[in-house]
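J.: Below is one structure. I have some questions about it.
The values are calculated or read from the model by the stated rules, or taken from the named source; none is laboratory data. None of the values given here were measured: they were computed from a predicted structure. A quick note on method: Cβ atoms are made from the backbone with ideal geometry, for glycine too, and the neighbour counts reach across all protein chains shown. Heads up: the accessible areas ignore ligands, DNA and RNA and are worked out on the full protein's heavy atoms, side chains in. Shrake-Rupley method; radii C 1.70, N 1.55, O 1.52, S 1.80 Å.
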Amino acid sequence: MIRILSIFLAAAAFGFLLVYAAAWLPLRAGLVGAFVILLAALLVRRRWLLLADTAPGSPERELWVSLAGHAVVAAYLATSLWRIGPDMIMHTAPVHALGIDIWTLVGAAIGAWWIARDPQPRVDERDRWIAGQGLRAAHYGLVLMLVGLLLALGFVADGWVAQLSRPAIAHLVILVIILSVLIDAVARLRSYAQDALEEP
(Lines give C-alpha, C1' and ligand atoms only; values in the text may rest on other atoms or scores of the structure.)
Protein backbone atom coordinates (compact mmCIF):
# COMPACT_ATOMS: atom_id res chain seq x y z
CA MET A 1 0.00 0.00 0.00
CA ILE A 2 2.93 2.35 0.67
CA ARG A 3 4.10 1.97 -2.93
CA ILE A 4 0.61 2.74 -4.24
CA LEU A 5 0.31 5.85 -2.08
CA SER A 6 3.83 6.96 -3.03
CA ILE A 7 3.06 6.80 -6.76
CA PHE A 8 -0.27 8.54 -6.23
CA LEU A 9 1.20 11.33 -4.10
CA ALA A 10 4.17 11.87 -6.44
CA ALA A 11 1.87 12.10 -9.50
CA ALA A 12 -0.60 14.37 -7.68
CA ALA A 13 2.24 16.62 -6.48
CA PHE A 14 3.48 16.87 -10.08
CA GLY A 15 0.00 17.92 -11.26
CA PHE A 16 -0.19 20.50 -8.45
CA LEU A 17 3.26 21.92 -9.28
CA LEU A 18 2.41 22.19 -12.98
CA VAL A 19 -0.31 24.70 -12.13
CA TYR A 20 1.87 26.88 -9.93
CA ALA A 21 4.96 26.64 -12.15
CA ALA A 22 3.07 27.47 -15.36
CA ALA A 23 4.22 31.10 -15.37
CA TRP A 24 7.91 30.09 -15.29
CA LEU A 25 7.78 27.19 -17.74
CA PRO A 26 9.16 27.73 -21.27
CA LEU A 27 6.16 25.86 -22.75
CA ARG A 28 2.52 25.41 -21.78
CA ALA A 29 2.10 23.47 -18.54
CA GLY A 30 0.08 20.81 -20.39
CA LEU A 31 2.91 20.23 -22.87
CA VAL A 32 5.54 19.98 -20.12
CA GLY A 33 3.29 17.57 -18.21
CA ALA A 34 2.65 15.50 -21.34
CA PHE A 35 6.39 15.22 -22.03
CA VAL A 36 7.11 14.03 -18.47
CA ILE A 37 4.20 11.54 -18.52
CA LEU A 38 5.31 10.01 -21.84
CA LEU A 39 8.97 9.90 -20.76
CA ALA A 40 7.97 8.15 -17.52
CA ALA A 41 5.94 5.62 -19.52
CA LEU A 42 8.96 4.86 -21.74
CA LEU A 43 11.20 4.36 -18.68
CA VAL A 44 8.61 2.13 -16.99
CA ARG A 45 8.20 0.04 -20.16
CA ARG A 46 11.98 -0.40 -20.36
CA ARG A 47 12.13 -1.48 -16.72
CA TRP A 48 9.30 -3.99 -17.17
CA LEU A 49 11.02 -5.43 -20.26
CA LEU A 50 14.22 -5.90 -18.23
CA LEU A 51 12.29 -7.60 -15.42
CA ALA A 52 10.76 -10.03 -17.94
CA ASP A 53 8.88 -12.78 -16.03
CA THR A 54 8.93 -10.89 -12.72
CA ALA A 55 7.24 -7.81 -14.21
CA PRO A 56 3.61 -7.09 -13.27
CA GLY A 57 0.91 -8.84 -15.29
CA SER A 58 -1.03 -7.15 -18.09
CA PRO A 59 -3.94 -5.71 -16.05
CA GLU A 60 -1.63 -4.57 -13.26
CA ARG A 61 0.57 -2.64 -15.71
CA GLU A 62 -2.45 -0.77 -17.00
CA LEU A 63 -3.47 0.06 -13.43
CA TRP A 64 -0.11 1.56 -12.50
CA VAL A 65 -0.17 3.80 -15.57
CA SER A 66 -3.84 4.67 -14.94
CA LEU A 67 -3.10 5.55 -11.30
CA ALA A 68 -0.27 7.93 -12.20
CA GLY A 69 -1.99 9.51 -15.20
CA HIS A 70 -5.32 10.09 -13.49
CA ALA A 71 -3.58 11.45 -10.37
CA VAL A 72 -1.77 14.07 -12.46
CA VAL A 73 -4.99 15.08 -14.24
CA ALA A 74 -7.05 15.14 -11.02
CA ALA A 75 -4.49 17.24 -9.15
CA TYR A 76 -4.10 19.65 -12.06
CA LEU A 77 -7.88 20.04 -12.42
CA ALA A 78 -8.52 20.44 -8.67
CA THR A 79 -5.71 22.99 -8.25
CA SER A 80 -6.83 24.94 -11.32
CA LEU A 81 -10.44 25.02 -10.10
CA TRP A 82 -9.27 26.34 -6.74
CA ARG A 83 -7.19 29.07 -8.39
CA ILE A 84 -9.93 30.11 -10.83
CA GLY A 85 -12.49 30.25 -8.02
CA PRO A 86 -16.13 29.24 -7.65
CA ASP A 87 -17.44 31.86 -10.11
CA MET A 88 -15.84 30.17 -13.13
CA ILE A 89 -16.97 31.67 -16.43
CA MET A 90 -16.63 29.72 -19.66
CA HIS A 91 -14.79 31.18 -22.69
CA THR A 92 -12.42 33.23 -20.56
CA ALA A 93 -8.62 33.04 -20.85
CA PRO A 94 -8.00 30.99 -17.64
CA VAL A 95 -10.74 28.47 -18.43
CA HIS A 96 -9.62 28.20 -22.06
CA ALA A 97 -6.04 27.52 -20.88
CA LEU A 98 -7.35 24.94 -18.40
CA GLY A 99 -9.23 23.11 -21.16
CA ILE A 100 -6.20 22.99 -23.47
CA ASP A 101 -3.85 21.79 -20.73
CA ILE A 102 -6.27 19.19 -19.34
CA TRP A 103 -6.92 17.65 -22.74
CA THR A 104 -3.19 17.65 -23.47
CA LEU A 105 -2.57 15.76 -20.21
CA VAL A 106 -5.43 13.34 -20.95
CA GLY A 107 -3.94 12.65 -24.40
CA ALA A 108 -0.54 12.03 -22.81
CA ALA A 109 -2.08 9.66 -20.25
CA ILE A 110 -3.68 7.66 -23.09
CA GLY A 111 -0.34 7.65 -24.93
CA ALA A 112 1.41 6.48 -21.75
CA TRP A 113 -1.05 3.61 -21.43
CA TRP A 114 -0.32 2.59 -25.03
CA ILE A 115 3.45 2.78 -24.48
CA ALA A 116 3.57 0.90 -21.17
CA ARG A 117 0.93 -1.74 -21.90
CA ASP A 118 1.86 -5.40 -22.15
CA PRO A 119 2.43 -6.24 -25.85
CA GLN A 120 1.00 -9.71 -25.17
CA PRO A 121 -1.97 -9.14 -22.82
CA ARG A 122 -2.88 -11.95 -20.44
CA VAL A 123 -6.01 -11.99 -18.28
CA ASP A 124 -7.23 -14.83 -16.03
CA GLU A 125 -10.04 -15.42 -13.53
CA ARG A 126 -8.08 -13.77 -10.71
CA ASP A 127 -7.76 -10.59 -12.78
CA ARG A 128 -11.51 -10.59 -13.46
CA TRP A 129 -12.29 -11.04 -9.76
CA ILE A 130 -9.94 -8.19 -8.80
CA ALA A 131 -11.52 -6.00 -11.50
CA GLY A 132 -14.91 -6.66 -9.93
CA GLN A 133 -13.61 -5.62 -6.51
CA GLY A 134 -12.17 -2.41 -7.93
CA LEU A 135 -15.36 -1.51 -9.78
CA ARG A 136 -17.38 -2.12 -6.60
CA ALA A 137 -15.12 0.21 -4.59
CA ALA A 138 -15.28 2.84 -7.36
CA HIS A 139 -19.10 2.56 -7.47
CA TYR A 140 -19.53 3.14 -3.75
CA GLY A 141 -16.92 5.90 -3.77
CA LEU A 142 -18.64 7.65 -6.67
CA VAL A 143 -22.04 7.44 -4.98
CA LEU A 144 -20.67 8.84 -1.70
CA MET A 145 -18.90 11.73 -3.44
CA LEU A 146 -21.97 12.59 -5.52
CA VAL A 147 -24.23 12.48 -2.46
CA GLY A 148 -21.81 14.79 -0.64
CA LEU A 149 -21.75 17.17 -3.61
CA LEU A 150 -25.54 17.14 -3.92
CA LEU A 151 -26.02 17.84 -0.20
CA ALA A 152 -23.54 20.71 -0.35
CA LEU A 153 -25.20 22.22 -3.43
CA GLY A 154 -28.68 21.77 -2.00
CA PHE A 155 -28.20 22.92 1.57
CA VAL A 156 -25.13 25.20 1.83
CA ALA A 157 -26.46 28.73 1.43
CA ASP A 158 -23.30 30.80 1.82
CA GLY A 159 -19.53 30.74 1.38
CA TRP A 160 -17.54 29.15 -1.43
CA VAL A 161 -20.18 26.52 -2.29
CA ALA A 162 -22.96 29.08 -2.67
CA GLN A 163 -20.86 30.99 -5.21
CA LEU A 164 -20.33 28.01 -7.54
CA SER A 165 -21.27 28.75 -11.13
CA ARG A 166 -22.71 26.10 -13.44
CA PRO A 167 -19.35 25.61 -15.24
CA ALA A 168 -17.64 25.18 -11.87
CA ILE A 169 -20.21 22.57 -10.81
CA ALA A 170 -19.75 20.74 -14.14
CA HIS A 171 -15.98 20.63 -13.61
CA LEU A 172 -16.46 19.40 -10.04
CA VAL A 173 -18.56 16.52 -11.37
CA ILE A 174 -15.77 15.69 -13.85
CA LEU A 175 -13.30 15.72 -10.95
CA VAL A 176 -15.51 13.37 -8.94
CA ILE A 177 -15.62 10.92 -11.88
CA ILE A 178 -11.82 11.03 -12.19
CA LEU A 179 -11.52 10.38 -8.44
CA SER A 180 -13.77 7.31 -8.79
CA VAL A 181 -11.38 5.97 -11.45
CA LEU A 182 -8.52 6.51 -8.99
CA ILE A 183 -10.44 4.61 -6.30
CA ASP A 184 -10.84 1.73 -8.77
CA ALA A 185 -7.10 1.68 -9.55
CA VAL A 186 -6.06 1.88 -5.88
CA ALA A 187 -8.48 -0.89 -4.87
CA ARG A 188 -7.28 -3.20 -7.65
CA LEU A 189 -3.58 -2.55 -7.02
CA ARG A 190 -4.12 -3.19 -3.30
CA SER A 191 -5.77 -6.52 -4.17
CA TYR A 192 -2.82 -7.47 -6.40
CA ALA A 193 -0.38 -6.56 -3.60
CA GLN A 194 -2.30 -8.67 -1.07
CA ASP A 195 -2.49 -11.54 -3.54
CA ALA A 196 1.29 -11.38 -4.08
CA LEU A 197 1.89 -11.57 -0.30
CA GLU A 198 -0.30 -14.67 -0.02
CA GLU A 199 1.55 -16.56 -2.75
CA PRO A 200 4.02 -19.15 -1.41
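J.: Checking residue 122 against (1) of a type in the set (D, E, K, R); (2) open to solvent by less than 70 Å² (accessible area, probe 1.4 Å); (3) more than 23 Å from residue 1 (Cβ to Cβ), only one condition comes out false. Which one?
T.: Single failed check for residue 122: (2).
J.: Among the residues of region 63-82, how many are open to solvent by 20 Å² or more (accessible area, probe 1.4 Å), modelled with pLDDT of 90 or more and more than 14 Å from residue 34 (Cα to Cα)?
T.: The qualifying residues number 2.
J.: Output the helices (runs of 4 or more DSSP H) that fall wholly within region 1-117 and possess 2 or more residues being free of Cβ contacts under 8 Å to residues at least 60 places away in the same chain, hydroxyl-bearing (Ser, Thr, Tyr) and at negative phi, or say none.
T.: On the way: elements: 2-21, 29-51, 58-84, 93-116.
Because the criterion is at least 2 residues that are free of Cβ contacts under 8 Å to residues at least 60 places away in the same chain, hydroxyl-bearing (Ser, Thr, Tyr) and at negative phi, the helices (runs of 4 or more DSSP H) in region 1-117 that meet it are 2-21.
J.: I'd like to know if region 134-152 contains one or more residues that are touching a helix residue (DSSP H, G or I) at 6+ places or on another chain (Cβ under 9 Å), closer than 22 Å to residue 48 by Cβ, modelled with pLDDT of 90 or more and surrounded by 15 or more Cβ atoms within 10 Å (Cβ to Cβ).
T.: Yes: one or more hits.
J.: Also: All but one of (1) assigned to a loop (DSSP other than H, G, I, E, B); (2) in contact with a Pro (Cβ under 7 Å, 6 or more places away or on another chain); (3) open to solvent by 60 Å² or more (accessible area, probe 1.4 Å) hold for residue 160, so report the exception by its number.
T.: So residue 160 meets the others, but not (1).
J.: Could I ask something else about it? Checking the structure you have, find out if any residue of region 36-58 is surrounded by fewer than 17 Cβ atoms within 10 Å (Cβ to Cβ), within 23 Å of residue 176 (Cβ to Cβ) and out of contact with any helix residue (DSSP H, G or I) (no Cβ under 7 Å at 6 or more places or on another chain).
T.: no
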